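Report on one structure; see the data block that follows.
The values are calculated or read from the model by the stated rules, or taken from the named source; none is laboratory data. The structure presented is a predicted model; accordingly, all values stated were derived computationally and were not measured. For neighbour counting, all protein chains shown are included, and Cβ atoms are generated from backbone atoms with ideal geometry for every residue, glycine included. Note: accessible area is taken over every heavy atom of the protein model, side chains too, but ligands, DNA and RNA are not part of it. Shrake-Rupley method; radii C 1.70, N 1.55, O 1.52, S 1.80 Å.
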Amino acid sequence: MTKQESHDFRRGSINVSESNHMPKIETADDLKTAVLDAVNTQSVTDIHTHLFSPPFGELLLWGIDELLTYHYLIAEVFRNADVSYPQFWAMSKTEQAELIWQTLFIENSPLSEACRGIVTTLDALGLDVGSRNLQDYRDYFADTTVEAFIDTVFERAKVSKVVMTNDPFDSAETPVWQSGDTGDTRFEAALRMDVLINTYEEVGYEHLRGLGYDVDPNLSTGKTYKEIRRFLETWIQRMNPRYMAVSLPPDFQYPDDGVLGRLFDNCILPISREFNVPFALMIGVKRAVNPQLQMAGDGSGKADLTSLETLLRENPDNKFLVTLLSRENQHELCVIGRKFKNLMIFGCWWFMNNPSVIEEITRERIELLGLSVIPQHSDARILDQLLYKWKHSRRIIADVLVEKYQTVLDVGWTLTSAEIERDVNNLFGGNFDRFLNGN
Ligand code: RAT
Ligand code: ZN
């Protein structure tokens, strides 16, 4: 086919590719339809959440009062309500939810991403958002069982699996892990190591001793490293985690002869290699910038990514999943992604999980890394949030894909809907599986 014929072909009525007999994308409308179809119907693996399967009992949060008291909304209510920190924390959850509803939804319009998320969620559940009737919403959840609700949410959000955040030192989780039955297999584990790595000298080593590991607070003996490796092995065997993870402050350094560097080099990196369990680094959080806000009081900061480059270069046989909390670091991270195949960039984390920033980051990643990224995770803490977080993100991912596909179609590239489906499948889970299972 000549170039001219090919251009005519895109505009014309015949739309079957000679090579593979798949319908070709011909018009801007075809493209939009094919991308929206793929993005809205394909199910996603959500690689970082704070959700739990039913055997974890009260750790699995769901329902309108949990949605309203999400820590993202708690940070916002203090900006508008005439309430002091101690007054707020003295309230029951029901009262806090009512204050947040009244302040952020009735006395003000719910336009922040966290507020808008509640409106999207209620709508996705078929509730009448126009009524603004909190009691009706409460009644809906009161009539539902958690198992039924999990099915409803997974189905409507088109999520096939979620990865939990599992703390081996959390006494609320331990009995479930020891029972060997974590129930619903759609919930997979991630071995979270914040306590071990970030607070080893303060509390981490004591926790380990409490569990029968012979460790010292200064990491001064080879025995201690061996014991920590034994601890990690035990938990990897118990949880079968998809990855190990830690959140780190913006000033994290590597190499480092302090606790972090010694734990990395002598315990975590060797175990991560040996068991082929990648290490996820979530870099850029400043914990407790305002302690009065409790869990809502963390902030973000720009990191020096030289440390990340060193880590990737010096540990080529280790796999790292990385997400960053500062907008200013995102472009640099993409450049690093071009240099190291042992890095998989994932998600728009926390303060990055807002439409304007997701759009910018997604575009930047595709331009620098093509489709070899995991564009999003939800970070959902409340089951219902899967509905809004994925709905909002899918829309942006679709818009960016349409724009990018259009640029190559404009100059004569051909594309089928099957190829679009393949690409979306990689973004929504294929890349994650391949990164975990490959060499
Ligand atoms: O996004 C959040 O809910 C944060 O509070 C954090 O949990 C963060 O995602 C983390 O995993 O540390
Ligand atoms: Zn998180």
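Observations, loosely collected:
- Set side by side, the residues 28, 34, 38 differ, and just one is closer than 30 Å to residue 411 by Cα, in contact (Cβ under 8 Å) with a residue 24 or more places away in the chain and open to solvent by 20 Å² or more (accessible area, probe 1.4 Å), which is 28.
- Top-ranked residue in the range 239-257 [being among the charged types (D, E, K, R) and surrounded by fewer than 17 Cβ atoms within 10 Å (Cβ to Cβ); ranked as nearest to ligand 1 (Cβ to nearest atom)]: 251
- Residues (away from ligand 1 (no atom under 14 Å from the Cβ) and in contact with a strand residue (DSSP E or B) (Cβ under 8 Å, 6 or more places away or on another chain)) located in the range 197-218: none
- Within the range 376-393, being assigned to a loop (DSSP other than H, G, I, E, B), more than 13 Å from the chain's Cα centre (by Cα) and either closer than 10 Å to residue 124 by Cβ or within 10 Å of ligand 1 (Cβ to nearest atom) (or both) holds for one residue alone: 384.
- When residues in the range 73-112 are screened for being touching a residue at least 24 places away in the same chain (Cβ under 8 Å), crowded, with 19+ Cβ neighbours inside 10 Å and not polar (S, T, N, Q), 8 of them pass.
- Matching entry among 260, 281 (being of a type outside the set (S, T, N, Q) and open to solvent by less than 20 Å² (accessible area, probe 1.4 Å)): 281
- Some residue of the range 58-71 being open to solvent by less than 10 Å² (accessible area, probe 1.4 Å), in a helix (DSSP H, G or I) and within 16 Å of ligand 1 (Cβ to nearest atom): yes
- Number of positions in the range 322-356 that are part of a helix (DSSP H, G or I) and either among the small types (Gly, Ala, Ser) or within 16 Å of ligand 2 (Cβ to nearest atom) (or both): 5
- Contact map, the range 418-431: first residue within 11 Å of residue 35 (Cβ to Cβ) and in contact (Cβ under 8 Å) with a residue 40 or more places away in the chain, second residue in a helix (DSSP H, G or I) and open to solvent by 40 Å² or more (accessible area, probe 1.4 Å), Cβ cut-off under 7 Å, separation 6 or more or different chains; the map is empty.
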